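The values are calculated or read from the model by the stated rules, or taken from the named source; none is laboratory data. Computed from a predicted structure; not experimentally measured. Cβ sites come from the backbone with ideal geometry, for glycine too, and all protein chains shown count toward neighbours.
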Amino acid sequence: MNLGGSIAVAGIAALLLSACQDDSAKRAAKGADTVRGNSIQGPPNTDWRLMDSRAVEANVYMDVRVDPGTAVAMKAVPRMLSSQISQYACPTASDKVWKILDEEQEVWINLIDHEMKSIVKSRCKRP
């Protein structure tokens, strides 16, 4: 292949990669909107509140404020346990967000206290 052909192939590959990234970003934005429209289903305490959901690159990030008692308790337990507890704030298996996102895209939870300080960040498990 000559230099001109190599440049053309590289240009086409770059366009395809850009289109895939644009599609992933659009899916993430739609997923964040979908999550924002839902209440958190299944936290162990009704005082958990979804404060924000947003798309960052190709993923969805959710900030969930927990009640003060849970915040104190989660800061006192090992990180692995607090990560497991954070799964209660994840979208349920039947949530539309999982149908919107590609298999490679993720939903992340950031549990925050009443001062909006992060307690733990964890990735939601796909159903």
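Could you go through the stretch 31-53 and let me know if any residue there is surrounded by fewer than 18 Cβ atoms within 10 Å (Cβ to Cβ), more than 16 Å from Ile112 (Cα to Cα) and modelled with pLDDT of 90 or more.
Looking through the stretch 31-53, none of the residues is surrounded by fewer than 18 Cβ atoms within 10 Å (Cβ to Cβ), more than 16 Å from Ile112 (Cα to Cα) and modelled with pLDDT of 90 or more.
Tally the residues that are part of a strand (DSSP E or B) and touching a Ser or Thr at 6+ places or on another chain (Cβ under 8 Å), restricting the search to the stretch 105-120.
Qualifying residue count for the region: 7.
Mind checking which pairs have a first residue in the stretch 94-109 that is closer than 11 Å to Lys30 by Cα and basic (Lys, Arg) and a second that is surrounded by 13 or more Cβ atoms within 10 Å (Cβ to Cβ) and at pLDDT below 95, Cβ under 7 Å, 6 or more apart or different chains?
Lys96/Thr34
Can you tell me which residue among Asp102, Asp63, Asp95 is part of a strand (DSSP E or B) and at pLDDT 85 or above?
Matching residue, one of Asp102, Asp63, Asp95: Asp63.
Go through the stretch 89-127 and give me each residue that's under 22 Å from Ala73 (Cβ atoms) and of a type in the set (Phe, Trp, Tyr).
Trp108
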